[in-house]
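The structure appears below as structure tokens.
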Amino acid sequence: MIDFILWVLQNIALSPYYLFVAITNPADWLAWSNPEAVMRFIYYGASVEFFFVVFTTFLLITLIGAVWKTEILWWGVRILEGIANAVGRTAAWAGLVMVLVQVMIVFLQRIFRVAEIELGPLGTALAMDLSWWAEGLKFWNAIVVCLCVSYTFVQGSHVRVDLVYSAVKFRTKKMIDMFGCLFFMMPAIVITYLYAWFFMWRHLMTPAVTSTSDLDRMIMQSRIFRWNVETIGFSPNGFNAYFLFKVLIVLFCIMVFMQAIAFFWRSYLEWREGEASEGKYLDRDVMGDQAEDLEHAIHSGST
């Protein structure tokens, strides 16, 4: 246990050095014309060094905001929740696209019996088999699921399984929220990200890389590196960009981790400042109907 604590403290102390090296040597991991740079990017994208840079940054900002000026944390909450809302409100339009594509498929298939749909709104025609458009509906659905998750969290629209939460005092609720962020939300999404990162890259390039590969081995593998983007569909003429689903999983992890930080800071600030600060700077959608707004507020626990 002592060795683990010393290891954590050592990596926290070295985090500024890790960040300095990354910033001052961008060509080592961003010059993707060099296969070794790609391998370094893949390795450090889910490395211990990267984790502790993020963790130490979160720790320092939290300590500065808690000890010196809480407005710093409120700005962090507003920025992170603003990103979640902006991404979510944009990605939500994928739901409309999904519905329109489905209507188009049914209409053209059942009435005109077409086997191929061609679109060319900007002068460049995209002609694909009907099955390609049908299987592509899963991609639009994945966009909504992966990119709207943080937005839904900010809006208070997730289903809460409440056993004791509603019966406890306000400050106790905020302590439960902080505990849940640190010991459930963050660890779970970090583990998911570690698997998703290498899972994504295994469908973008060869040779295959794993989470157990060290940097020296990956540098050696760079000699046989080549791009190999997955374009195999489940059916002969079906949707053939399944690598995008792997990218969305990584983006999902990033969005949820950012929201975990924002929710921890908000919970801490509301715990510290009391009930008067509940919902401070919270940007939630307004339905325009008083009954619907009241129902949403009750469901989200804000009233």
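The values are calculated or read from the model by the stated rules, or taken from the named source; none is laboratory data. As the structure is a prediction and not an experimental result, all values here were calculated from the model. Note: ideal-geometry Cβ built from the backbone for every residue, glycine included; neighbour counts use all protein chains shown. Remember, those area values only see protein heavy atoms, side chains included, never the ligands or the DNA or RNA. Shrake-Rupley method; radii C 1.70, N 1.55, O 1.52, S 1.80 Å.
Quick rundown of the values:
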| read-out | value |
| --- | --- |
| Per-region count, the range 202-242, residues open to solvent by less than 80 Å² (accessible area, probe 1.4 Å), under 27 Å from M128 (Cα atoms) and aliphatic (A, V, I, L, M) | 4 |
| Candidate set from the range 135-181 (those that are basic (K, R) and within 21 Å of the chain's Cα centre (by Cα)); member that is farthest from F245 (Cα to Cα) | R160 |
| Selection count, the range 182-201, where residues are open to solvent by 70 Å² or more (accessible area, probe 1.4 Å) and under 13 Å from F245 (Cα atoms) | 1 |
| Residue selected from the range 78-133 under the condition of a type outside the set (A, V, I, L, M, F, W, C), at pLDDT 95 or above and open to solvent by 50 Å² or more (accessible area, probe 1.4 Å), by the criterion farthest from G238 (Cα to Cα) | R78 |
| Selected residue [surrounded by fewer than 19 Cβ atoms within 10 Å (Cβ to Cβ), in contact (Cβ under 8 Å) with a residue 40 or more places away in the chain and within 28 Å of F58 (Cα to Cα)] from V159, V154, V145 | V145 |
| Residue list for the range 18-46, restricted to those being buried (at least 17 other Cβ atoms within 10 Å of the Cβ) and among the charged types (D, E, K, R) | E36, R40 |
| Failed condition for D293, given (1) open to solvent by less than 60 Å² (accessible area, probe 1.4 Å); (2) at pLDDT 90 or above; (3) among the charged types (D, E, K, R) | (2) |
| Looking only at the range 221-280, and only at residues there that are acidic (D, E) and modelled with pLDDT of 90 or more, the one that is farthest from W140 (Cα to Cα) | E273 |
| Of all residues making up the range 162-214, the number that are among the hydrophobic types (A, V, I, L, M, F, W, C), more than 30 Å from W32 (Cα to Cα) and touching a residue at least 40 places away in the same chain (Cβ under 8 Å) | 7 |
| Out of I143, I176, sole residue that is closer than 16 Å to A262 by Cα and out of contact with any strand residue (DSSP E or B) (no Cβ under 6 Å at 6 or more places or on another chain) | I176 |
